[in-house]
Every structure is written in C-alpha cells, then in structure tokens.
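S.K.: Handing you this structure, nothing more for now.
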Amino acid sequence: MLALHQDLDVVIGVDTHKDTHTAAAVSATGAVMEHLTVPADPAGYRQLIAFGRRHGATLWAIEGTGSFGAGLTTALLSRCARIVEVDRPQRPARRGGVKSDDIDAVRAARQALAGVGLSEPRRRGDREAIRVLLATRAQAVTFRTRAISALHALVASAPDGLRERLRTLPLGQLLQTCAGLRDSSRRSVEESATVLAMRSTARRALACEREAADLEVQLDRLVRRLAPELLGKLGIGPVVAGQVIASWSHHGRVRSEAAFAKLGGAAPIEASSGIITRHRLNRSGDRQLNRALHTIVLVRMRQDGATKDYVQRRLAQGKTIRDIKRCLKRYIARQLFRQLEALSSTT
C-alpha cells in the first residue's frame, strides 16, 4: 500500500476507456464535486488537466495506467502531477450492482482516499520498450509452439510415404525438411494438400523462430544498456533480465525487497494449523516475474554448486522440492531487488 499524505484536498478519479475517459472530482470527505467525460486523445487530456487545476486537485487516481490510461498518465507525468494506479473498483456487494463510468470514476477517487489497492504507475520509456518487446516475443514463441504442434499432427495423419519419411526426424530437421517440400504431379490430391499444409506450417514456425530471435537481440541491447550487471548472474539471460526490469520499473516504485518478493509471488504465505507450522506457495502477484524467478532457480539448481548444496541440506531437513524452490525464489528476489536499487542510485 502506498503511503498517502494526509493533506489531500481534492482527488480526481478517472475511469479510462478506449475512446473516452470519465473523471470525477472528489473532496477529502468523499463528496462528489463534478464529473467530466472527454475523448481519449491529447485534446481530451488537456481538458482533464484544466479540470484538475480548476478544482485544485493534489492527486490523480487512474484505473488502467498501462493500457487505456497510458496516454493520460504520460501527459500528467510530464506536468509532474501526482498519480496512483487503482485496482479495478470493487462492485457493490448486492445483486444487480449499479455501474456507470461516473460511478467508477468516483470509486477510483474514494479508493485513493482510503489508501486501498493503490500502486505507483510503471515508467514508460526504456521500461515500456522492454515490455512491448517481451510481449511480442512471447506471442512469437506461442505461435511457433502452436505451429509445431500442428505440424506433428499433420505428420501423424499423413499418407504412409510422407509419414514414414518424416516421423523420425528431430524437430530442427523436420522443420527444414517440411519447409522445403515440393509438390509433384504424381501425387494424389490428398498428398498434394498435405504437402502444401506441411510446408506452410513449417515456414510459419521458422518465421516465428526468427522473429523471436530478432526480438531477443533487441532485448539484449536494451538490458545491457540499462542493467548489464544482471546478465553476469547465473541463470539470467536477456529475456529473464528484461522481465525483472519491466516488473521493477524504477527506483521507488517498490518500497522494499519484501514488497518485490510479494509482487513476484515469491513471498511465503502462512499455512500453519495446530502443531504444524509451515508456509505455502503464493499464486498471486506478477506471474511473469514469478516465471522469471522460477527460470533462475531451475538453472542454478542444475549448475550452481552452492545451490545444489543448499537443496541437499534442506532435503535432509525434511523440506520438499517445492518448498525449496519457494525459498530460493525468495532469496533471488531479494538479491535482484538490491542489485536493481543499487544500479538506479548510480545512474
């Protein structure tokens, strides 16, 4: 939770959408002063800024600062406005709960006044560049995986001649072979259609593979410019480092290493009962950051001598592999947070 100053006079809550933004000026007592709906474009942003100045707003509470509200957030930050991002407003706890853009804007402002479900918006610039590269690379990898699955299905159901020729090939050779398949007038209609489908699917998989590699090169350049020391750590490549930087965003956004661990779903959750004292996995938080931490743990468990010794020691104490991975994620989250904070203080 963010620590808010007690001298808040007026808070502007904003419910953002693709085409319009709706704002509500709310006083420190929670009273609604005025509503305004504007287009989601630079002219609309200027109207909202003037709206905030007219009411003497000291804080903006925006829903969706990284999506529909990204443009407004950037415009406000350029004017040094104080902004918090609010979670999706809670709906009334009754059947057929009332909902409108005006009501959601008021709820956003009142959430900020209550200090509930708030966070500091992530930075754009280099951090946003890393995020969009990561998202696009993930899409390319997903499409490649789907294409490979489709190709295996085509091979499994292909006519005997094609199937026997392709079924034992390793993946890389299978993709290259299928991408180079040629049709022949001697083939049947079924064989010709299967060859065309295999060639198209294999080429799609190879194109996605090249795209993912190109994006990873760009990620590597950005990470080396922003935090080259991360890449020197075992288990951290450009993709993992990029995700860590994107989730952390900037100095001051995450208040402590414990909060960073909670953000990554690596903070232990008490699960004790009776005479049993234990903790369980945390399945909330930023799952992409958790995945990055998990990747680091897996690599170090295989290649790092100190980590191997730790695993054996904890196994002897009765810990399960799942519990050990959770402990290692917590340790790595602490290590990464301290390193990122140290880097930001020297740049």
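Laboratory data are not the source of any read-out in this text; all were calculated from the coordinates shown. Note that this is a predicted model, so its numbers are computed, not measured. Here the Cβ positions follow ideal geometry from the backbone for every residue, glycine too, while neighbour counts run over all protein chains shown.
S.K.: Within 11 Å, Cβ to Cβ, of residue 75, how many net charges do the neighbouring residues add up to if Lys/Arg are +1 and Asp/Glu are -1?
M.R.: Numbers: positive: 46, 79; negative: 41.
Within the 11 Å Cβ shell, the charges total +1.
S.K.: Tell me the mean residue ellipticity at 222 nm calculated for the chain from its helices only (DSSP H runs of n ≥ 4, each -39500 (n - 2.57), averaged over every residue, nearest 500). Intermediate results must be reported in sequence, preceding the final value.
M.R.: Numbers: 12 runs with 193 residues, N = 347.
The helix contribution divided over the chain gives -18500 deg cm²/dmol.
S.K.: Treat each spin label as a single point 7 Å out from the Cα along the C-beta direction, and report the residue 46 to residue 271 distance in nm.
M.R.: That separation, rounded to one decimal, is 5.6 nm.
S.K.: Sticking with this one: For an R0 of 35 angstrom, estimate the FRET efficiency from the Cβ-Cβ distance between residue 176 and residue 129 and round to the nearest 0.05.
M.R.: 0.60
S.K.: Let me ask something else about it. Between residue 75 and residue 168, 0.36 nm times their residue separation minus their Cα-Cα distance comes to what? All intermediate terms of the calculation are to be shown ahead of the outcome.
M.R.: Values: separation 93, 0.36 × 93 = 33.48 nm, distance 5.74 nm.
Taking residue 75 through residue 168 to full extension adds about 27.7 nm, to one decimal.
S.K.: May I ask what percent, to the nearest 5, of DSSP beta bridges between residues of the chain are antiparallel? List each step's numbers first, then the result.
M.R.: Details: 19 of 27 bridges.
In the chain, DSSP labels about 70 percent of beta bridges as antiparallel.
S.K.: Hey, another quick one. In the chain, if the dipole is taken from +1 on Lys/Arg beta carbons and -1 on Asp/Glu beta carbons about the Cα centre, which of 168, 336, 250 is farthest to the positive end?
M.R.: 168
S.K.: If you average the sequence gap of Cα pairs under 8 Å that are 6 or more apart and divide by the length of the stretch 126-226, what percent do you get for the contact order? Could the numbers behind the result be given before it?
M.R.: Details: 82 pairs, mean separation 44.8, N = 101.
Reported relative contact order: 44 percent.
S.K.: Still on this structure, I have one more. Kindly state, to the nearest 0.05, the FRET efficiency for residue 9 paired with residue 298, given R0 = 35 Å and r defined as their beta-carbon distance. Don't skip to the answer; put the middle values down first.
M.R.: Working: r = 51 Å, r/R0 = 1.46.
That gives a FRET efficiency of 0.10.
S.K.: Can you give me the angle between helix 238-248 and the longest principal axis of the chain, using Cα atoms only, in degrees from 0 to 90, rounded to the nearest 10?
M.R.: 20
S.K.: List residues of the stretch 112-136, by number, whose backbone nitrogen lies under 19 Å from a label position 7 Å along Cα→C-beta of residue 224.
M.R.: Flagged as within label range: 126-127, 129-131, 133-134.
S.K.: Could you tell me which trypsin sites (Lys or Arg not before Pro) in the stretch 152-222 are loop residues by DSSP with no more than 12 other beta carbons within 10 angstrom of their beta carbon?
M.R.: Details: sites: 163, 165, 167, 182, 186, 187, 199, 203, 204, 210, 221; in loops: 167, 182, 186, 187.
Passing sites in the stretch 152-222 are 167, 182, 186.
S.K.: Tell me which lysines have Cα within less than 20 Å of residue 18's Cα, excluding those fewer than 8 residues away on the same chain?
M.R.: The reachable lysines, counting only those whose Cα sits under 20 Å from residue 18, are 99.
S.K.: Related question: What is the gain in length, in nm to one decimal, between residue 138 and residue 322 on full extension, counting 0.36 nm per residue of separation less the C-alpha to C-alpha distance?
M.R.: 63.7 nm
S.K.: Oh, and also: Given R₀ = 22 Å, FRET efficiency for residue 187-residue 207 by Cβ-Cβ distance, to 0.05? Display every interim value, and only then the final one.
M.R.: Working: r = 25 Å, r/R0 = 1.14.
Once rounded, the FRET efficiency stands at 0.30.
S.K.: Can you give the % of DSSP beta bridges in the stretch 10-119 that are antiparallel, to the nearest 5? Before the final figure, lay out each step's value.
M.R.: On the way: 16 of 24 bridges.
About 65 percent, rounded to the nearest 5.
S.K.: Would you mind calculating the relative contact order of the stretch 230-346 from Cα pairs under 8 angstrom and at least 6 residues apart, reporting the percent as a whole number?
M.R.: Working: 119 pairs, mean separation 36.5, N = 117.
Dividing the mean separation by the residue count of the stretch 230-346 yields 31 percent.
S.K.: Run the numbers on the chain and let me know its relative contact order in percent, using alpha-carbon pairs under 8 Å that are six or more apart.
M.R.: Numbers: 477 pairs, mean separation 43.3, N = 347.
Here the relative contact order equals 12 percent.
S.K.: Within the set 262/308; 233/325; 262/329, which residue pairs have Cα atoms separated by over 22 Å? Let's see the in-between values first.
M.R.: Details: 262/308 25 Å; 233/325 18 Å; 262/329 11 Å.
In this structure, 262/308 lie more than 22 Å apart at Cα.
S.K.: Between residue 157 and residue 313, how many nm apart are label points set 7 Å from Cα along the C-beta direction?
M.R.: 5.5
S.K.: What fraction of the Cα pairs in the stretch 126-226, stated in percent, has a spacing above 19 angstrom?
M.R.: Numbers: 2483 of 5050 pairs.
Summing the P(r) of the stretch 126-226 above 19 Å gives 49 percent of all pairs.
S.K.: Once phi is turned into ³J(HN,Hα) by the Karplus curve 6.51 cos²θ - 1.76 cosθ + 1.60 with θ = phi - 60°, what whole-Hz value does each residue of the stretch 57-66 show in order, with x for glycine and proline?
M.R.: Per residue, the Karplus-derived 3J(HN,Hα) values read 5, 10, 7, 10, 10, 10, 9, x, 5, x Hz.
S.K.: Magnitude of the Cβ-charge dipole of the chain, K/R +1 and D/E -1, about the Cα centre, nearest 20 debye? Let's see the in-between values first.
M.R.: Numbers: 56 positive and 33 negative charges, 249 e Å.
Charge dipole of the chain: 1200 debye, to the nearest 20.
S.K.: Compute the Kirkwood hydrodynamic radius of the chain, taking the inverse of the mean of 1/r over all pairs of distinct Cα atoms, and give it in Å to one decimal. If you can, show how the numbers build up before the last one.
M.R.: On the way: mean 1/r = 0.0416 Å⁻¹.
Roughly 24.0 Å, rounded to one decimal.
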